[in-house]
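First up is the structure itself, then whatever we jot down about it.
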Amino acid sequence: MSAEIDPIQAPFLELTELECSDVGALTSCYVDGEMLHALRTKFDAHLAACPLCQESVAQTKFVVDSASTIGDREIPREAQLRLREALRDRVGFNSPKLAALRQEN
């Protein structure tokens with residue numbers, strides 16, 4: 001049985017390098033430790049060269065780390081997805097690839 005590739009990450013696998021909008025779309029996967037290794041290398045390379053994305057990822061990580069101190073209460077999956085979407089919108093990243101993926105689903 002083959003492993004299913006995350007539909008959020010799949011469109012980015014073919015890219016040679018990532019742009020800021022791509023990093024924004026993938027930040028939650030990165031911060032949550034769910035990023036595919038093939039993308040992690042591209043993501044890290046972009047971060048090394050882009051102070052704006054470094055700051056954005058650091059802020060997202062801070063929010064996630066802060067939220068994890070709330071306790072052991074489980075956040076419903078739908079609420080997690082809405083929060084991630086709101087964070088992406090708030091930070092100002094809106095990847096065309098992610099928008100196209102959303103329309104397909």
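Bear in mind these aren't lab numbers, they're just calculated from the coordinates by the rules spelled out. These figures come from a predicted structure and were not determined experimentally. Here the Cβ positions follow ideal geometry from the backbone for every residue, glycine too, while neighbour counts run over all protein chains shown.
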**Prompt:** Taking 0.36 nm per intervening residue step and subtracting the Cα-Cα distance, what contour gain separates A49 from D32 on full extension?
**Reply:** 4.0 nm
**Asked** For Q59 and E17, what does the FRET efficiency come to when R0 = 25 Å and r is the distance between their Cβ atoms, rounded to the nearest 0.05?
**Response** 0.65
